[in-house]
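Colleague: The structure under discussion is supplied below as structure tokens; questions concerning it will follow.
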């Protein structure tokens with residue numbers, strides 16, 4: 001699927017800014033201030049641009065291409081979509097404008113150490129207390145959870161699973177950065193001990209599921225961007241590295257391997273863009289098809305990046321395993337991204353179960 005003229009302009013703006021700006025903090029500030037990436041998927045009435053998954057996918061592909069460390073995935077997509085899907089207009093009015101302009105970032109504390117990202121399985125519990133709520137538990141793999149200004153917590157209460165707004169600076173909240181293989185992805189463990197929170201919306205299971213599905217599609221775009229860049233670097237190397245008196249890109253066996261990778265990456269890109277476009281459709285809000293498309297993106301794009309990153313190292317030879325070369329960074333991104341929002345095998349099992357139910 002081809003990009004529209006507006007989406008091409010968005011891609012060029014993000015790519016150009018990332019090329020000019022190398023400082024991590026300045027990058028995010030300028031991406032928000034000059035391009036408005038944090039508010040892309042936020043409705044205009046809350047200070048955003050009112051765009052959709054297709055536009056956020058364009059940005060995520062560029063961030064993946066550069067392996068940019070930013071709160072885009074955790075704040076502008078996962079936490080924001082959970083908040084929007086909650087249907088709580090008052091909470092959106094209170095929290096989203098600052099997220100949209102980039103002056104605040106948000107994090108969603110949800111899953112257990114097992115990392116299933118199942119909307120029926122949450123790490124924390126909530127109980128009524130003094131007209132409000134008290135929350136306890138330990139959430140893992142919280143994207144940018146140690147630095148976020150807004151903390152949304154998925155917790156099980158007496159009436160089911162709910163979403164709660166917890167001030168991360170108040171007593172009872174302990175946030176610890178977690179060591180990661182991929183140094184460009186910030187994860188944290190959030191521990192709550194009788195932490196006070198405000199209820200956001202009603203039953204949150206549906207909101208969590210939609211947020212996860214849209215995050216999977218956005219992550220798929222990021223994986224495509226990383227895989228495309230890894231392949232481009234590998235092709236460039238193959239066209240300059242000389243062995244046995246000729247460039248290695250001239251050997252038929254290597255040409256076939258790189259051609260196969262090209263087909264794999266472009267197929268992943270097409271799948272991701274199609275899923276994003278379908279998610280933009282009016283009927284996609286609560287349709288089971290969104291979950292199936294997101295699962296397909298998660299499975300296919302995780303495999304595409306993992307295979308491309310592995311081949312990048314293989315085709316670069318000895319230099320591919322050195323610390324100075326970026327190949328190891330793409331392999332680490334592939335490994336870390338594969339575990340986010342549920343392992344590919346779980347998503348593949350969900351697709352299989354859906355197909356069996358249709359028979």
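Every number in this text was worked out from the coordinates using simple rules, so none of it is lab data. Because the structure is predicted, anything quoted here is derived from the model rather than measured. Methodologically, a virtual Cβ is constructed for each residue, glycine included, from the backbone with ideal geometry; neighbour enumeration extends over all protein chains shown.
Colleague: On the Cα set of region 106-204, report Rg and Dmax in Å, please.
Modeller: Looking at region 106-204, its Cα Rg and Dmax stand at 12.6, 42 Å.
Colleague: Expressed as an acute angle from 0 to 90° and rounded to the nearest 10, what is the orientation of the C-alpha long axis of helix 5-20 relative to the principal long axis of the chain?
Modeller: 80
Colleague: Right, here's the next one. Test of understanding: express the Cα radius of gyration of region 281-359 as a ratio to 2.2 N^0.38 Å, with N the residue count. Mind dumping the intermediate values first?
Modeller: Values: Rg = 16.7 Å, N = 79, 2.2 N^0.38 = 11.6 Å.
For region 281-359, the normalised Cα radius of gyration comes out at 1.44.
Colleague: In 10 Å bins starting at zero, report the fraction of Cα pairs in region 43-151 per bin as a rounded %.
Modeller: Cα pair-distance distribution for region 43-151, in percent: 13, 40, 36, 10, 1.
Colleague: Okay, moving on. With springs connecting C-alpha atoms under 10 Å apart, model the chain as a Gaussian network and identify which of 128, 344, 168 has the largest mean-square fluctuation.
Modeller: The residue with the greatest mean-square fluctuation here is 128.
Colleague: Could you work out how far helix 288-316 tilts from the main Cα principal axis of the chain, as a 0 to 90 degree angle to the nearest 10?
Modeller: Tilt of helix 288-316: around 40 degrees.
Colleague: A further question follows. Quick one: check the C-alpha center-to-center distance for region 211-277 versus region 117-163, whole angstrom.
Modeller: Computed from Cα coordinates, the inter-centre distance equals 38 Å.
Colleague: Another question, if that's okay. What is the packing order of peptides 102-109, 34-41, 21-28, taking the mean over residues of other C-beta atoms within 10 Å and listing the highest first? Please report the intermediate quantities before stating the final value.
Modeller: On the way: 102-109: 24.4, 34-41: 22.9, 21-28: 13.4.
Highest-to-lowest ranking by the protection proxy: 102-109, 34-41, 21-28.
Colleague: Can you give the % of DSSP beta bridges in the chain that are antiparallel, to the nearest 5? Write out the running numbers ahead of the final one.
Modeller: Details: 33 of 39 bridges.
Restricted to the chain, the bridges split so that about 85 percent are antiparallel.
Colleague: For region 50-97, I need the span (max minus min coordinate) of the C-alpha atoms along each principal axis, in Å, sorted largest to smallest.
Modeller: 37, 20, 15
Colleague: Among 113, 199, 246, which one shows the biggest mean-square fluctuation in a GNM of the chain, springs joining Cα atoms closer than 10 Å?
Modeller: 246
Colleague: Stokes-Einstein at 4 °C, 1.567 mPa s, Kirkwood radius from Cα pairs: D for the chain in µm² s⁻¹? Walk me through the numbers on the way to the answer.
Modeller: Working: Rh = 20.9 Å.
The diffusion coefficient I find is 62 µm²/s.
Colleague: Calculate the translational D of region 125-177 in whole µm² s⁻¹ from Stokes-Einstein, where the hydrodynamic radius comes from the Kirkwood formula applied to all Cα pairs, the temperature is 37 °C and the viscosity 0.692 mPa s. Spell out each step's value before the answer.
Modeller: Values: Rh = 11.8 Å.
Reported coefficient: 278 µm²/s.
Colleague: Under a no-solvent Debye model with one identical scatterer per Cα of region 206-358, what's log10 I(q)/I(0) at q = 0.12, 0.14, 0.16, 0.19 Å⁻¹?
Modeller: -0.55, -0.70, -0.84, -1.06
Colleague: Using only Cα atoms and rounding to the nearest 10 degrees, what angle (0 to 90) does helix 89-100 make with the longest principal axis of the chain?
Modeller: The two axes meet at around 40 degrees.
Colleague: Ok, one more. May I have the extent of the alpha carbons of region 5-100 along their three principal axes, as whole Å values ordered from largest to smallest?
Modeller: That gives 39, 29, 19 Å along the principal axes, largest extent first.
Colleague: Also, quick follow-up: Of the listed peptides 295-306, 253-264, what is their order by residue-averaged count of other C-beta atoms within 10 Å, with the highest listed first?
Modeller: 295-306, 253-264
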